[in-house]
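Student: One structure, as C-alpha cells, below. Some questions next.
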Amino acid sequence: MHQNSAFENLEAVASAFCLDGEPEEITPYGNGHINDTFLLLCRKGESEKKYILQRINSAIFREPGALMENVANVTAFLRKAIVEKGGDPDRETLNVIKTKDGENYLVDSQQNYWRVFVFISNTVCLEKIENPRDFYDSAAAFGGFQNQLSAYPADTLHETIPLFHHTPSRFEALRNAVKQDPMGRAGMVRAEIDFAFAREKDAHVLTDLLEKGELPLRVTHNDTKINNILFDASTRKALCVIDLDTVMPGLSLYDFGDSIRTGASTGAEDEPDLSRVELDLSLFETFTEGFIKGCAGSLTPLEISLLPMGAKLMTYESGLRFLTDFLSGDTYFKIHRKNHNLDRTRTQFKLVADMEKKWDEMAAAVNRCR
Ligand code: ADP
Ligand code: GN1
Ligand code: MG
C-alpha cells in the first residue's frame, strides 16, 4: 500500500488533527480488509502518544461524512454509559480525535477521507481464537455491545452500506457476477457456484422473518469478526469493540453468526488447506453461552432458537460475497495473494457444509445455554 499516491503525505494529513505532540512515525498497521490503517506515533518532549490514522474506504462507504457522524455519536453514547458504570472510557470505546477545524474527519486534496482514533495500548487483537476463555469474553462483549445500544435512537443512524446483510441481495449479486463473468473465472469455480445456488432458499430465511415482524430490528455491530475486538493484554479481558463503520439497525443473529464463522472455525478465514477447517462445537457452545449472557435477557425465544441459522447464514453470506468478489476481479476485499478470495470462499462453504452435518448438535448446544 506504500506505492499509493494517497499515502505520500501522511504527515501533513496527521498534522491536520488535534494531536498531543508532533507526528514522528507513521506505519501501516493491522489486518483489516477494508480501510487503510496506520499507527501514528507523536512526540512531545519525553512523552509519546499513539493514534490510529485511517483512510476510510470511500469506494465502499459512499458517504464517509454520514459514517463519521454515526461513529462520533455512537462512541459518545458508549462513553457516557461506560462512565456511568465506572469503567475506563479511554480504553473501553473508540475515541474520535477531531481535526483542528473541529470536524470528525479530513478530506484531502485527492478526495481521500481520513480519521484519527486514540490508539488503545497494551491490547491483543486475535485473528484466531487461542483459548475458549477469550472467545467467551468476546461473546459477552459483543452481546453487551448490542445490549448497551438498545437505548440508542436507531432512527438517527445512517445506513452506511445499504442492504449490508440482506442475504437475498448478496445472492443476486453473485448470480449477476456469474452471468457477467467479467474475468472469465466462472469456469474454474463451478463447484462453488453450484454450492451457493443449491442454498438459494436459505438466503431468505432471516429477512422473511424480519419482514413478517417476527424478529426484532436492533442496533447491531454487523462486523463482529474476532479481530474487531481488542483484549486487554494484562487482564486478558475483552476490552473494546472496534471497527464501528457498520453499526446500523440489524439482527442480533448477524452479530452472533459473524463471530461464529471466524472464531469457532478451526481454521483461519483464508486457510488454503480445507482439511483444517471445521466448526468447533465446543467453541460454538462457549460463544453461545457468552453471547446470551451479554445480551442480558434481551434475546427472544425465536432469536435464541435461530442462533444456529444465524451462524450458518452469516457464513454462507460471507462465502457469497467472497465468491462474487473473486468473479468480479477482487475489487472489494483486499487480497494478498492469487486466488485469495477463492480460498476465503472455500473455507466459508466448507464451514457451512460442516454446520449442516452438525445441525442437531448445534441446536442441542443452544438448548443447553437457554
Ligand atoms: P478495517 O475496517 O479495515 O477492518 P479496523 O478499524 O478494524 O479496520 O482496524 C484495523 C486494525 O487496526 C484492527 O484489527 C486493530 O488491530 C487495529 N486497531 C483499530 N483501531 C484501533 C485502536 N483504536 N487501538 C488499537 N488498535 C486499533
Ligand atoms: C470486512 O473490515 P473488516 O476486515 O473487519 C467486511 C466484513 C467481512 C469481513 C470478512 C465493511 O471486515 O463485512 O465479513 O471483511 N467489512 C465490510 O473478513 O465489508
Ligand atoms: Mg476490522
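Student: Are any residues in region 334-355 open to solvent by 20 Å² or more (accessible area, probe 1.4 Å) and not basic (Lys, Arg), and if so, which ones? Walk me through how you get there before you give the answer.
Tutor: From region 334-355, those open to solvent by 20 Å² or more (accessible area, probe 1.4 Å) are 334-339, 343, 346, 350, 353; that's our starting set.
Residues satisfying the conditions are ILE335, HIS336, ASN339, ASP343, ALA353.
Student: Being closer than 30 Å to THR286 by Cβ, at pLDDT 95 or above, in a loop (DSSP other than H, G, I, E, B) and more than 16 Å from ligand 3 (Cβ to nearest atom): is that true of GLY87 here?
Tutor: yes
Student: Out of curiosity, is ILE226 touching a residue at least 60 places away in the same chain (Cβ under 8 Å), within 16 Å of ligand 1 (Cβ to nearest atom) and either surrounded by 18 or more Cβ atoms within 10 Å (Cβ to Cβ) or over 25 Å from ARG175 (Cα atoms) (or both)?
Tutor: Details: touching a residue at least 60 places away in the same chain (Cβ under 8 Å): yes; within 16 Å of ligand 1 (Cβ to nearest atom): yes; either surrounded by 18 or more Cβ atoms within 10 Å (Cβ to Cβ) or over 25 Å from ARG175 (Cα atoms) (or both): yes.
Here the answer is yes, as ILE226 does meet what is asked.
Student: Against the condition at pLDDT below 95 and not charged (D, E, K, R), how does GLY32 come out, does it pass?
Tutor: Yes; evaluated as a whole, the condition is true for this residue.
Student: Considering ASP232, ASP273, ASP280, which residue is away from ligand 2 (no atom under 13 Å from the Cβ), over 25 Å from THR207 (Cα atoms) and open to solvent by less than 30 Å² (accessible area, probe 1.4 Å)?
Tutor: On inspection, the qualifying residue turns out to be ASP232.
Student: Let me ask something else. Starting from region 266-288, take each residue that is of a type outside the set (A, V, I, L, M, F, W, C) and list its partners that are part of a strand (DSSP E or B), counting only C-beta distances under 7 angstrom and pairs at least six apart or across chains.
Tutor: Between residues of region 266-288 that are of a type outside the set (A, V, I, L, M, F, W, C) and residues that are part of a strand (DSSP E or B), there is no close pair.
Student: Name the single residue that is farthest from SER121 (Cα to Cα) among those in region 237-257 being open to solvent by 10 Å² or more (accessible area, probe 1.4 Å) and away from ligand 2 (no atom under 11 Å from the Cβ).
Tutor: This residue is PRO249.
Student: Right, another one. Would it be correct to say that ARG55 is within 16 Å of ligand 3 (Cβ to nearest atom), charged (D, E, K, R) and either open to solvent by less than 70 Å² (accessible area, probe 1.4 Å) or in a loop (DSSP other than H, G, I, E, B) (or both)?
Tutor: Against the criterion (within 16 Å of ligand 3 (Cβ to nearest atom), charged (D, E, K, R) and either open to solvent by less than 70 Å² (accessible area, probe 1.4 Å) or in a loop (DSSP other than H, G, I, E, B) (or both)), ARG55 qualifies.
Student: Let me ask something else about it. Which of the residues that make up region 124-150 are open to solvent by 60 Å² or more (accessible area, probe 1.4 Å), within 16 Å of ligand 1 (Cβ to nearest atom) and in contact (Cβ under 8 Å) with a residue 24 or more places away in the chain?
Tutor: Selection gives CYS125, GLU127, LYS128.
Student: Another question, then. When you scan region 64-79, do you find a residue that is within 27 Å of LEU251 (Cβ to Cβ), polar (S, T, N, Q) and open to solvent by 20 Å² or more (accessible area, probe 1.4 Å), even just one?
Tutor: Kept after step one, since they are within 27 Å of LEU251 (Cβ to Cβ), are these residues of region 64-79: 64-79.
Filter once more, keeping what is polar (S, T, N, Q): 70, 73, 75.
Subset that is open to solvent by 20 Å² or more (accessible area, probe 1.4 Å): 73.
Scanning region 64-79 turns up at least one residue that is within 27 Å of LEU251 (Cβ to Cβ), polar (S, T, N, Q) and open to solvent by 20 Å² or more (accessible area, probe 1.4 Å).
Student: Cβ-Cβ under 6 Å, sequence separation 6+ or interchain: first residue in region 318-336 and farther than 18 Å from PHE171 by Cβ, partner open to solvent by 40 Å² or more (accessible area, probe 1.4 Å) and assigned to a loop (DSSP other than H, G, I, E, B). Which pairs?
Tutor: GLY329/MET183
Matching residues to (1) assigned to a loop (DSSP other than H, G, I, E, B); (2) under 29 Å from ILE304 (Cα atoms); (3) within 21 Å of the chain's Cα centre (by Cα):
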| site | (1), (2), (3) |
| --- | --- |
| ILE82 | no, yes, no |
| LEU126 | yes, yes, yes |
| GLU159 | yes, yes, yes |
| ARG170 | no, yes, yes |
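Student: How many of the residues making up region 318-346 are part of a helix (DSSP H, G or I), under 21 Å from SER265 (Cβ atoms) and not polar (S, T, N, Q)?
Tutor: Residues flagged as part of a helix (DSSP H, G or I), under 21 Å from SER265 (Cβ atoms) and not polar (S, T, N, Q) within region 318-346 amount to 12.
Student: Testing ALA363 on (1) touching a residue at least 60 places away in the same chain (Cβ under 8 Å); (2) away from ligand 1 (no atom under 16 Å from the Cβ); (3) within 26 Å of PRO168 (Cα to Cα), one condition comes back false. Which one is that?
Tutor: Failing condition for ALA363: (1).
Student: Which of the residues belonging to region 308-344 are touching a Lys or Arg at 6+ places or on another chain (Cβ under 8 Å) and of a type in the set (Ser, Thr, Tyr)?
Tutor: THR315, TYR316, SER318, THR324, TYR332
Student: Do any strands (runs of 3 or more DSSP E) entirely within region 179-296 hold 1 or more residues that are out of contact with any helix residue (DSSP H, G or I) (no Cβ under 9 Å at 6 or more places or on another chain) and charged (D, E, K, R), and if so, which?
Tutor: 229-232
Student: How many residues does region 111-121 hold that are open to solvent by 50 Å² or more (accessible area, probe 1.4 Å) and under 23 Å from SER259 (Cα atoms)?
Tutor: Qualifying residue count for the region: 0.
Student: Let me ask another. Since THR315 meets every condition but one in (1) open to solvent by 10 Å² or more (accessible area, probe 1.4 Å); (2) farther than 23 Å from LEU78 by Cβ; (3) at pLDDT 95 or above, which condition does it not meet?
Tutor: So the condition that THR315 fails would be (1).
Student: Which ones in region 16-33 are within 16 Å of ligand 2 (Cβ to nearest atom) and open to solvent by 40 Å² or more (accessible area, probe 1.4 Å)?
Tutor: Answer for region 16-33, where residues must be within 16 Å of ligand 2 (Cβ to nearest atom) and open to solvent by 40 Å² or more (accessible area, probe 1.4 Å): PRO28, TYR29, GLY30, ASN31, GLY32.
Student: Moving on to the next point. For region 32-52, give me each residue that is within 19 Å of ILE97 (Cβ to Cβ) and within 16 Å of ligand 3 (Cβ to nearest atom).
Tutor: Result: GLY32, ASN35, ASP36, THR37, PHE38, LEU39, ILE52.
The values are calculated or read from the model by the stated rules, or taken from the named source; none is laboratory data. Here the structure is a predicted model, which is why all the values come from computation and not from measurement. Because the Cβ atoms are built from the backbone with ideal geometry, glycine has one as well, and the counts that use them run over all protein chains shown. For accessibility, only protein heavy atoms count, side chains too; no ligands or nucleic acids. Shrake-Rupley method; radii C 1.70, N 1.55, O 1.52, S 1.80 Å.
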